[in-house]
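Structure, as structure tokens:
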Amino acid sequence: MPTFQRPTRLQALAPSQIRDMMRLAMDVGAVNMAQGAPDFPAAPEVKLAAIRAIAEDKNQYSVTWGLAELREAVAARVARRFGLHADPEREVTITCGVTEAVVAALLATLETGDEVIIIEPAHENYLPATAFAGGVPRFVPLRPPKFALDVDALAAAVTPRTRVLILNTPHNPSGRVFTRAELLAVADLAERYNLLVLTDEIYDEILYDGREHIAFATLPGMAERTITTGGISKIYAVTGWRLGYVIAPPPLSAAIRTVHDYLTICAPTPFQHAALTALALPDAYYEQVRAAFHHRRARMMRILEQARFNATPPEGAYYVLADFSAWQFDGDDEAFARFLITDVGVAVVPGSAFYTGHPELGRRLVRFAFAKRDETFDEVERRFAAYWEQR
Ligand code: PLP
């Protein structure tokens, strides 16, 4: 048997802790508050549209960049909702989720050894995507409990090799929605150091307390240096469909499309057709999504308080980083997450999983994902109450 060694560019990658926790949780029947997938159904008309597309034999490869009507619908949505204007013919590409969009964007823009600024806690895919593209991550932390953008720390992380800054707003896992002032400071930095800004705006419709989503590319001067990614996974509760998009100026889009064509050929065609039905839903749909998430956030925060966690209510997205210091648990976040699965029956993700560069900042935190049905909250509530009753 020949010996196998992972290539150098993959050696820094640990297996996904979220999936590790999920395996352990399934073994013991814990409630899944770890993974960011909704456990409630998608809209009936959207599901029917997918079934219809398959039945009508819309089952072959599409135009590699995505169906023209879908690119038009994506461009129309971001223009209507966020004032982001993009040419569907040359600036919008349909991908297999934001996950592929980020990989394709970095493969299309990085030279080996180029540096990528990753703000952490970070969604788990940014580091692997950087590694695939031969890039070098530079981690800049948002510190609990406020998770405010530290512009000086961002500026200090820039070197002559810095090419891309990845920005996620609304932010997983902190729940921050960055303010206009914070985003303008990032824009200023991008301009000053000639950086590309790769934004992940997948939670653009999931906002609380009247917060506003600002599409980064709409800030003055930013359209030409921003690669916007977004998708339909979260807003329409179809994470398994693997559909997202990239919006970027023509030269960047052309480079990204070249990567995308060879990486996946195209996003799943029947779901592209169904996505047309999703994107045609009226604005009332988004209002209803927001109201439902407002309710879920309230339930989540109440449960956390009752179970003696300390957490700031998220401003957007559907995650909360909760401090477990009051549990007086003798161990770190990874031990605590395992303990919650085995002894309480609730699966969460350890905070340090999101802080690759500064794991110490996550040691008192665990992440709850709360895109859940009422029955799921009921069960989580029962399990925490049972634990505290007998402790
Ligand atoms: N970006 C963020 C911030 C996420 O939280 C997730 C999923 O949890 C994704 C991207 C993945 O998106 P997609 O399903 O479009 O690949």
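Rule-based calculations on the coordinates, nothing more; no lab input. Model, not experiment: these values are computed from the prediction. Virtual Cβ from ideal backbone geometry, glycine too; neighbours counted across all protein chains shown.
What to note about this one:
- Sites excluded, GluC sites (Glu not before Pro) in DSSP loops with at most 15 other C-beta within 10 Å, longest stretch of the chain: 213-391
- Across the stretch 152-267, the convex hull enclosing all Cα atoms gives 126 Å³ per residue.
- Candidate lysines - alpha carbon under 25 Å from K47, same-chain residues fewer than 8 apart omitted: K58, K234, K372
- Three semi-axes of the equivalent ellipsoid, the stretch 63-172, Cα gyration tensor, whole Å, largest first: 28, 18, 12
- Rg over Rh [alpha-carbon atoms, Kirkwood Rh] for the stretch 77-131: 1.04
- Largest first and in whole Å, the equivalent-ellipsoid semi-axes of the stretch 22-100 read 31, 19, 14, each the square root of five times a Cα gyration tensor eigenvalue.
- Kirkwood hydrodynamic radius of the stretch 184-249, from the reciprocal of the average inverse Cα-Cα distance over all distinct pairs: 13.0 Å.
- Residue-wise HN-Hα coupling along the stretch 143-154, computed from phi with Karplus coefficients 6.51, -1.76, 1.60 (Hz; x: Gly, Pro): 9, x, x, 8, 6, 7, 5, 9, 5, 5, 5, 4
- Positive dipole terminus of the chain, leading residue within V46, A353, P249 (C-beta point charges): A353
- Neighbour counts of C-beta atoms inside 10 Å place L70, L196 in the sequence L196, L70, starting with the fewest.
- Debye equation applied to the C-alpha atoms of the stretch 246-371, log10 I(q)/I(0) at 0.10 Å⁻¹: -0.55
- The chain: calculated mean residue ellipticity at 222 nm from DSSP helix runs of at least 4, using -39500 (n - 2.57): -12500 deg cm²/dmol
- Assigned charges on the beta-carbon of Lys, Arg, Asp, Glu; the chain dipole about Cα centre (debye): 240 debye
- Computed over the alpha-carbon atoms, the chain gives an Rg to Rh ratio of 0.96, Rh here being the Kirkwood radius from the mean inverse distance.
- Cα shape, the stretch 110-192, gyration tensor, a/c 1.5 rule: oblate
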